[in-house]
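Please treat every number below as a calculation from the coordinates, not as lab data. Just so it is clear, the structure is predicted and the values come from calculations on it, not from any experiment. In this analysis, Cβ positions are derived from the backbone assuming ideal geometry, glycine residues included, and neighbour counts consider all displayed protein chains.
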Amino acid sequence: MDFLLFLAQTSKTPGQFDYMQVDYGTRYVLQALDQIWQQATALTWPQAVITVAFGVIPLMYGWRIYKVLTVICFGLLGLHLGLWAGAQFQHALLGSILGAAVLIVLALPLMRWAVCVLGALAGGVVTAGIWHACSLPEQFVWAGALVGIVAGGLISFVVFKLAVMLFTSLAGASLVIIGGFALIYRFETFAQDPPTMYLNELYYTHPWFFPLLLIAGTLFGIALQLRFLKTSKDWSV
């Protein structure tokens, strides 16, 4: 089924896709998009402002605090992996705590390798976003992501600073975009009379919208960090 046609058929209910009529690859993409939208629209005004503020820091100065960001990212990754593993044995809380602790402990002495992993993952997100934005077959989105993972991993070994800027810019851009979505959604829903849903329609009916914002924000962050790096003597803290 053509992905654009599927969007038109399943976006009748704002903020929700129907996953039962599609293959696994497309279902995974739609679920990820839904989770991002639900997280954004669940934020309150203060939470949205704080999210944007926290996103600006790694977007502009990620290279200065990349070690802290790497440990945080690995902690969150371990939290989710441990939560999933612990749930298999009815000990989700214990599993999440152990998973976070293990990856944090590993990230500290293996910082360079941890950055390589995050750089590879960031590359996978970017190329998967390009694949989705171009409306290529969603069941093969893993192929697009795999290209980015390989490219991001190679960049991490060859140009370490660029890998740092890639994953910190992507993280910062994600937070800024989600916080921005929350602010616009709140304005449209609660400040407009009558309420509007322009952002919702853009998000759910145009596959290129969110990936374009994310990739543009990431490139903007990399450009900013390169500019700031030229005028700074210190690489990181």
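One way to sum up the overall shape of the chain is the equivalent ellipsoid from its Cα gyration tensor, whose semi-axes run 30, 22, 20 Å, largest first.
If you average the sequence gap of Cα pairs under 8 Å that are 6 or more apart and divide by the length of the chain, what percent do you get for the contact order? The normalised contact order for the chain reaches 29 percent. Does the stretch 80-139 classify as rounded, prolate or oblate by the C-alpha gyration tensor (a ≥ b ≥ c root eigenvalues; a/c under 1.5 gives rounded; else a/b over b/c gives prolate, otherwise oblate)? Since a/c reaches 1.5 but b/c is at least a/b, the shape of the stretch 80-139 is classed as oblate.
Going by a ≥ b ≥ c, the root eigenvalues of the Cα gyration tensor, does the stretch 185-232 fall in the rounded group (a/c under 1.5), the prolate group (a/b larger than b/c) or the oblate group? Oblate shape, in that a/c is at least 1.5 and b/c is the bigger or equal ratio. 3J(HN,Hα) along the stretch 169-178, derived from phi through the Karplus expression 6.51 cos²θ - 1.76 cosθ + 1.60 where θ = phi - 60°, amounts to 5, 5, 5, x, 4, 4, 5, 5, 5, 4 Hz, with x in place of Gly and Pro. Comparing ALA182, ALA216, ALA173 in a Gaussian network model of the chain (Cα springs below 10 Å), the most mobile by mean-square fluctuation is ALA216.
For the stretch 65-166, the calculated P(r), taken from all Cα-Cα distances in 10 Å bins from zero up to the bin holding the longest distance, is 17, 34, 33, 16, 0 percent. Computed from backbone phi with θ = phi - 60° and the Karplus coefficients 6.51, -1.76 and 1.60, the 3J(HN,Hα) list for the stretch 57-74 is 4, x, 5, 9, 10, x, 5, 7, 10, 5, 5, 5, 5, 5, 4, 5, 4, 5 Hz; x is used for glycine and proline. When each of the peptides 104-110, 74-80, 62-68 is scored by the mean number of other C-beta atoms lying within 10 Å of its residues, the order from highest to lowest reads 62-68, 74-80, 104-110. Using a Gaussian network model of the chain in which every pair of alpha carbons under 10 angstrom is joined by a spring, one finds that among PHE89, PHE157, PHE187 the greatest mean-square fluctuation is at PHE89.
Shape of the stretch 27-97 from the C-alpha gyration tensor: oblate (a/c of 1.5 or more and a/b not above b/c, with a ≥ b ≥ c the square roots of its eigenvalues). So who's got an amide H within less than 5 Å of the one on SER232, skipping anything under 5 residues away but keeping other chains? H placed 1.01 Å off N, in plane. Those lying under 5 Å, H to H, from SER232: there are none.
Applied to the stretch 118-135, the Karplus parametrisation 6.51 cos²θ - 1.76 cosθ + 1.60 on θ = phi - 60° returns per-residue 3J(HN,Hα) values of 5, x, 5, 5, 5, x, x, 5, 5, 6, 5, x, 4, 4, 5, 5, 7, 6 Hz, with x for Gly and Pro.
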